[in-house]
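See below for the structure under consideration.
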Amino acid sequence: MLYLNTIIISGNLTRDPVLKYSQKGDPVLRFSIANNRNYKDKNEEWQTETSFFEVVAFGKTAEFSQDRLGKGMEVVVEGKLKQDKYEKSGTPMTRIEIRADRITPTQRLNNKLDIPPKTEPTTTTTNPDNTTTPTTKPKDPLDDLPF
């Protein structure tokens, strides 16, 4: 029997992500997203149903995403579902969260991705006083992003 556990979901962050570190020092990033589903009701009128999901990312994904995400930003999250069971005041509880393998922003929020451009010398220019100055070409800051 084949057991699959894969989810791809898009939504908007409902709060800024929070980065913490485990007791072993591993980065853990937590945030939640709101996902809208549009459908027609029995009167053929469009309705929107919003569902909320908790997302957790670990390691490099957590560190890389922390400064690039913010409340309201639309993202696509790819990962797996994880069910945790715990007790709260003696009552058994269940929580399902998304363990993110990849987080892809679909838009920029407050220029969080607008990293100052790196420059690389390409040629030299001779000034009127016969001194030379390197001419630089701006590097696209999005070239270094892994997504």
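Out of the residues in the range 47-60 that are closer than 16 Å to ILE7 by Cα and not aromatic (Phe, Trp, Tyr), which is surrounded by the most Cβ atoms within 10 Å (Cβ to Cβ)?
Per the criteria, the residue is ALA57.
Residues of the range 51-73 being of a type outside the set (A, V, I, L, M, F, W, C) and closer than 28 Å to THR94 by Cβ, which ones?
Once the filter is applied, which keeps residues that are of a type outside the set (A, V, I, L, M, F, W, C) and closer than 28 Å to THR94 by Cβ, the range 51-73 yields SER51, GLU54, GLY59, THR61, SER65, GLN66, LYS71.
Any idea which of LYS42, LYS71, LYS60 is of a type outside the set (Phe, Trp, Tyr) and farther than 25 Å from ASP16 by Cβ?
One residue alone meets the criteria, LYS42.
Take SER10 and tell me if it is touching a residue at least 60 places away in the same chain (Cβ under 8 Å), surrounded by 10 or more Cβ atoms within 10 Å (Cβ to Cβ) and not β-branched (Val, Ile, Thr).
yes
If I filter the range 61-81 for residues that are part of a strand (DSSP E or B) and surrounded by fewer than 11 Cβ atoms within 10 Å (Cβ to Cβ), do I get at least one hit?
Among the residues of the range 61-81, not one is part of a strand (DSSP E or B) and surrounded by fewer than 11 Cβ atoms within 10 Å (Cβ to Cβ), which makes the answer no.
Being closer than 14 Å to VAL77 by Cα and of a type in the set (Gly, Ala, Ser) is the filter here, so list the residues in the range 1-53 that pass it.
Matches in the range 1-53: SER10, GLY11, SER32, ALA34.
Between a first residue in the range 44-55 that is more than 23 Å from LYS82 (Cβ to Cβ) and a second residue that is of a type outside the set (Val, Ile, Thr) and surrounded by 10 or more Cβ atoms within 10 Å (Cβ to Cβ), which pairs have beta carbons less than 7 Å apart while being 6 or more apart in sequence or on different chains?
Taking only residues 6 or more apart or on different chains, the pairs are THR48/ASN36.
Among PRO117, PRO134, PRO141, which is the only one that is more than 17 Å from ILE9 (Cα to Cα), in contact with a helix residue (DSSP H, G or I) (Cβ under 7 Å, 6 or more places away or on another chain) and either of a type outside the set (Phe, Trp, Tyr) or modelled with pLDDT of 95 or more (or both)?
None of the others qualify; the one that does is PRO117.
Looking only at the range 10-54, how many residues end up being among the β-branched types (Val, Ile, Thr) and farther than 19 Å from GLU97 by Cα?
Residues meeting the conditions: 1.
The values are calculated or read from the model by the stated rules, or taken from the named source; none is laboratory data. The model shown is predicted, which means the values in this text are computed figures rather than measured ones. Positions of Cβ are backbone-derived with ideal geometry, glycine not excepted, and every protein chain shown enters the neighbour counts.
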